[in-house]
2 protein chains.
Amino acid sequence: MRLVVASCAARYSGRLNASLPRATRLLVVKADGSVLLHSDGGSYKPLNWMSPPCTLALTEVDDESAAAGVTARWTVQHQKSDDRLEIDLYEVLHDSAHELGVDPGLVKDGVEAHLQELLAAQIGLLGAGHTLIRREYPTAIGPVDILARDAAGGTVAIEIKRRGDIDGVEQLTRYLELLGRDPLLAPVRGVFAAQEIKPQARVLATDRGIACLVLDYDAMRGVDDVDARLF
Amino acid sequence: MRLVVASCAARYSGRLNASLPRATRLLVVKADGSVLLHSDGGSYKPLNWMSPPCTLALTEVDDESAAAGVTARWTVQHQKSDDRLEIDLYEVLHDSAHELGVDPGLVKDGVEAHLQELLAAQIGLLGAGHTLIRREYPTAIGPVDILARDAAGGTVAIEIKRRGDIDGVEQLTRYLELLGRDPLLAPVRGVFAAQEIKPQARVLATDRGIACLVLDYDAMRGVDDVDARLF
DNA sequence: AAATTGATGTCGGCC
DNA sequence: GGCCGACGTCAATTT
């Protein structure tokens, strides 16, 4: 990994065209050839970058640019598309290289899959008398997150999202239409469950007779921990 | 901006829990307090990070960790949520600080907005005899990209996407339902226009009687350039 | 390989 | 400040 701090300007062309006026920035060149161009603020997203696989070449600086103070020009070309990033370097304030080795990678816990596990284990959150039929119940257009049976013997299809917006309601609507045609399951009620439900999504769901259920992840995890301790 | 190359391990807790085993990585501390933790590969996304606004504090290293080789512990706490990133530093291979100043930012040259302009100017691509009513035609649930009239005097609502997937078809469907109730406009046909239309989206659109139109951005821009030259 | 879908998405525009 | 849609979305998983 090479780290360069320099005054620079850049131009990107590919899926869009963008340009970056001269300023002092951090340039990171990774072992796989990818390049990141970071300012001293914003978020984790670079101002400009090139993803691997790509190659970095030093191209010649024309006289006019040299006269304007450009000391080097990097051309970073993507190997599978015509995406290209050109960087003009002016003053270089820092330049160092480091051996990092391979990274073992990130271990994650607690995403949508986890919410599904927790709700399946605590299916009573839907109301007394509910029982789980199965998780990831298959249909022609993809699996329904959870299929359950209510106290009256009716079927309940549940779509789970971390953030519940309008797309999730549409998705559940499609499942309900399909499942409702199955005489073994019909009639099928819908429940839209999410850690957070957007107002628009709630309106649409309610309009379609779909119930909304806000999930409290910490509380659900807490119950799970208690269970874990009991057994 | 502070750059540190060090052997480190990290734990993130917040919207999810994640951990990162010990390895040599780049740590970037930006002026706004945000922290990025990069490996020497992958993409522009860090392995772990904390977005601003946040504060970095040096916390005490307990004896056990110190015995295991931890020389410093950073706790990066988000200021508006309970997101937290803890980083244990082992060997530090590089540590430097740099003044970067404020960045003037990126100048972009858009795509979807441009597609809309181009199609409005070349409305004949829908078929002979089409005329533009207006772009961004307002409705109660948001503006329709383009509203046009066909040769027979019927209304056509057009939704434009760069990549046409199922969401776009749903969006257009909602517009059509609403516009179709307006006696001054009804009946209203739908056209789903995109640079690329996903098979699922095409099936759904066709099933609902919505026409699909694949847009050739380069060709449309070419026509536009010719026009620009003629006038 | 193509398609689908979730993401600690992030980012910008508009209300 | 919140909501909503686009993104050079990226990246993992499944068909």
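The values are calculated or read from the model by the stated rules, or taken from the named source; none is laboratory data. Only a predicted model underlies this, so the values are computations on that prediction, with no experimental measurement involved. Neighbour counts are summed over all protein chains in view; Cβ atoms, including those assigned to glycine, are modelled from backbone coordinates with ideal geometry. Surface areas here come from the heavy atoms of the whole protein model, side chains and all, with no ligands, DNA or RNA. Shrake-Rupley method; radii C 1.70, N 1.55, O 1.52, S 1.80 Å.
Of note:
- Tilt relative to chain B, helix B:217-230 - C-alpha long axis, 0 to 90 degrees, to 10: 60
- Placing unit charges on the Cβ atoms of the charged side chains and taking the dipole of the protein assembly as shown about its Cα centre, the candidate lying farthest along the positive direction among A:GLY222, B:TRP49, A:THR55 is A:GLY222.
- Taking B:GLN116, B:GLN195, B:GLN77 in turn, the Gaussian network model of chain B (Cα-Cα springs below 10 Å) assigns the largest fluctuation to B:GLN77.
- Listed cross-link partners A:LYS161/B:LYS198; A:LYS80/A:LYS108; B:LYS30/B:LYS80; A:LYS30/A:LYS108 are compared with a 27 Å cut-off, the Cα-Cα value being larger for A:LYS80/A:LYS108.
- Remark: chain A carries a charge dipole of roughly 640 debye about the Cα centre, counting +1 on each Lys and Arg Cβ and -1 on each Asp and Glu Cβ.
- Buried area at the B-A interface (accessible, heavy atoms, 1.4 Å probe, summed, Å²): 4700
- Ranking by accessible area, most exposed first, for B:CYS212, A:CYS8 with a 1.4 Å probe: B:CYS212, A:CYS8
- Accessible area (Å², 1.4 Å probe, nearest 10) - A:THR55: 70
- Cα gyration tensor, the protein assembly as shown - rounded (a/c under 1.5), prolate or oblate: oblate
- Helix content alone sets the calculated 222 nm mean residue ellipticity of chain A: runs of n ≥ 4 DSSP H residues at -39500 (n - 2.57) each, divided across all residues, give -6500 deg cm²/dmol.
- Signed unit charges on C-beta, dipole axis of the protein assembly as shown, positive-most listed residue B:LEU27, B:TYR175, B:VAL70: B:TYR175
- Rounded, prolate or oblate (a/c below 1.5 giving rounded, otherwise prolate when a/b exceeds b/c) for region A:1-154 by Cα gyration tensor: prolate
- Positive contributions from Lys and Arg (+1) and negative ones from Asp and Glu (-1), summed over other residues with Cβ under 13 Å from the Cβ of B:SER96, come out at -2.
- Summed residue charge, Cβ within 10 Å of A:VAL156's Cβ, Lys/Arg positive, Asp/Glu negative: +1
- Charged-residue dipole, Cβ positions (Lys, Arg, Asp, Glu), region A:112-230 about Cα centre, Debye nearest 20: 240
- Per-residue 3J(HN,Hα) values for region B:207-215, derived from phi via the Karplus relation 6.51 cos²θ - 1.76 cosθ + 1.60 with θ = phi - 60°, read 4, 9, x, 9, 7, 10, 9, 8, 9 Hz in sequence order (x marks Gly and Pro).
- Counting 0.36 nm for each residue step from A:THR206 to A:ARG2 and taking away their Cα separation leaves a gain of 68.0 nm.
- Solvent-accessible area lost in complex, 20 Å² minimum, residues of region B:27-43 relative to chain alone, 1.4 Å: B:LYS30, B:ALA31, B:ASP32, B:LEU36, B:HIS38, B:SER39, B:ASP40, B:GLY41, B:GLY42, B:SER43
- Whether region A:112-230 is rounded, prolate or oblate, judged on the alpha carbon gyration tensor where a/c under 1.5 counts as rounded: oblate
- Per-residue HN-Hα couplings for region B:127-134 [Karplus 6.51, -1.76, 1.60; θ = phi - 60°; Hz; x = Gly/Pro]: x, 4, x, 7, 10, 7, 8, 6
- Within the accessible surface of the protein assembly as shown, defined with a 1.4 Å probe on protein heavy atoms only, the carbon and sulfur portion equals 53 percent.
- Sum of side-chain charges, A:ASP165 neighbourhood, beta-carbon under 13 Å (Lys, Arg +1; Asp, Glu -1): -1
- Cα-centred dipole magnitude for the protein assembly as shown, charges only on beta-carbon of K, R (+1) and D, E (-1), debye, nearest 20: 1200
- Inter-chain Cβ neighbour average for residues A:89-96, partner chain, 10 Å: 2
- Accessible area of the protein assembly as shown divided out per residue, in Å², using a probe of 1.4 angstrom: 50
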